[in-house]
Amino acid sequence: MLHARERQLDGLRTLAVAMVLYHHFFAVDGSVLGHLGVRLFFVLSGFLITRLLLDARSAVDYESGTALKSFYIRRALRIFPPYFAMLGFVWFVNLEGARGSLKWHALYLSNFWYALHNEWTPWVLCHAWSLSIEEQFYIVWPLMILLAPRRFIGPICVAVIAFSLAYRFYWPFTGTPALARDLLPPASLDALVAGALLAVHRSRTEVWPRWMRVSVAPLTAGAVIFLWLKAVPMTPGLEWLTWIGAEISPILPLVMLVGGCSSGLQGAFGRFLELPPITAIGRVSYGVYLFHPVVLSLIVKAQAWIPVNVSEQGPGRFVIATAATLMLASISWTIFEKPLNQLKRYFPYVRSKSQAHIPSSIRASEADGRPYEVSAYRPSYANRDEHGI
């Protein structure tokens, strides 16, 4: 059975993907919630993979080569099969004319494709920009976490976040806004690495620094104001300022939200995140995110056979598209993703040099795929799915 903190992280995934679905299926006049949901996914991803890698590094039998190999194999088992199945379907039917750009998406370069063309065409794969960002992050980040001197990991995180912030302040000098400002990797590094820095901090203590406790309320208020202002017409200078504020101000509140859930939030909100339907959606959230534009395209094409309006944003589209997406994601998880995910137990981050010192109950739990309760060389959540998106 999962601890409350793990159930709450699944609940956060549900919250994040719900914001994305609302943005794409319901928001008639546009919404910033979709982008905020992706930012929450990024913080989750940075936190979870860094936490796992730091725990592996702290193990008695840690070997960097084994940990790196296992990380990349586990990522491939979790991410690649449903992703390439989705791309295969899009290619086979040439959905929304996406076949011509498919090689970019197959190489996880979707963010560069849309940045270079400065338009969301083909729209059915527009969500793949964030998946590409994560894969690009996964290539480099484990090398830093596992190979850099441990005392330098925190300062490196701070330096990367500072670089990402500097990137944002550079863009107002470039003139007209372009998709590149949001889709190039530096635009997302602040959220990803803020999550990683949270994992570094939590490896030492669960006490929040005073400056974070003091800052979270005004930054949350600022985030609400900036996100609301994004929908208000304004001069180019104010638009740039609002964009920067809307990107930066939510980071600390999101980090503290993830950190609170990783420890187990008390109260009504914590209990809500632990509700079985909420955690169930969180477990299939990768499939929900992956398949939802494909489902949207298909139901719009089937409008003649659907009694409510799904051709436009609104409640009809939201109900039908969400239900269809959840159904497809659940089927994919049950018959396709979950069996492949269970293969990750054969690729632990740390392999014991000797089984002799491991209690028989722990060896049995490894054999049937259950995570260890306690282990000198492997965290209790090592078999948990560490994806953010």
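The values are calculated or read from the model by the stated rules, or taken from the named source; none is laboratory data. Keep in mind it's a predicted model, so treat the numbers as computed, not measured. Cβ sites come from the backbone with ideal geometry, for glycine too, and all protein chains shown count toward neighbours. The protein model used for the area step is the full one, side chains on, heavy atoms only, and it has no ligands, DNA or RNA in it. Shrake-Rupley method; radii C 1.70, N 1.55, O 1.52, S 1.80 Å.
Picking from Arg51, Arg150, Arg57, which residue would you name as being basic (Lys, Arg), more than 18 Å from the chain's Cα centre (by Cα), over 23 Å from Ala329 (Cα atoms) and crowded, with 17+ Cβ neighbours inside 10 Å?
Going through Arg51, Arg150, Arg57 in turn, the sole match is Arg57.
Within the range 111-145, work out how many residues are buried (at least 21 other Cβ atoms within 10 Å of the Cβ), more than 15 Å from the chain's Cα centre (by Cα) and under 19 Å from Gly195 (Cα atoms).
The total comes to 2.
Please verify whether Ala180 is within 24 Å of Tyr114 (Cβ to Cβ) and either surrounded by fewer than 19 Cβ atoms within 10 Å (Cβ to Cβ) or touching an Asp or Glu at 6+ places or on another chain (Cβ under 8 Å) (or both), treating the condition exactly as stated.
yes
Considering each of Leu21, Leu54, Leu44 in turn, give the residue that is closer than 25 Å to Gly314 by Cα and in contact (Cβ under 8 Å) with a residue 12 or more places away in the chain.
Leu21
Considering only the range 200-234, state which residues are closer than 24 Å to Leu15 by Cα, part of a loop (DSSP other than H, G, I, E, B) and open to solvent by 60 Å² or more (accessible area, probe 1.4 Å).
Glu206, Lys230, Ala231 - these are the residues of the range 200-234 that are closer than 24 Å to Leu15 by Cα, part of a loop (DSSP other than H, G, I, E, B) and open to solvent by 60 Å² or more (accessible area, probe 1.4 Å).
Would a scan of the range 101-110 turn up a residue that is within 30 Å of Pro253 (Cβ to Cβ) and either open to solvent by 60 Å² or more (accessible area, probe 1.4 Å) or not charged (D, E, K, R) (or both)?
Among the residues of the range 101-110, at least one is within 30 Å of Pro253 (Cβ to Cβ) and either open to solvent by 60 Å² or more (accessible area, probe 1.4 Å) or not charged (D, E, K, R) (or both), which makes the answer yes.
Working carefully through the options Ala194, Ala280, find the one that is within 19 Å of Leu9 (Cα to Cα) and surrounded by fewer than 19 Cβ atoms within 10 Å (Cβ to Cβ).
Unique residue meeting the criteria: Ala280.
Within the range 305-337, which residues are in a helix (DSSP H, G or I) and of a type in the set (A, V, I, L, M)?
Val319, Ile320, Ala321, Ala323, Ala324, Leu326, Met327, Leu328, Ala329, Ile331, Ile335
Need at least 1 residues that are in contact (Cβ under 8 Å) with a residue 40 or more places away in the chain and within 30 Å of Leu328 (Cα to Cα) per element, so show me which helices (runs of 4 or more DSSP H) inside the range 235-304 make the cut, counting only ones lying wholly within it.
On the way: elements: 236-248, 251-263, 267-273, 276-283, 285-301.
In the range 235-304, the matching helices (runs of 4 or more DSSP H) lie at 251-263, 267-273, 276-283, 285-301.
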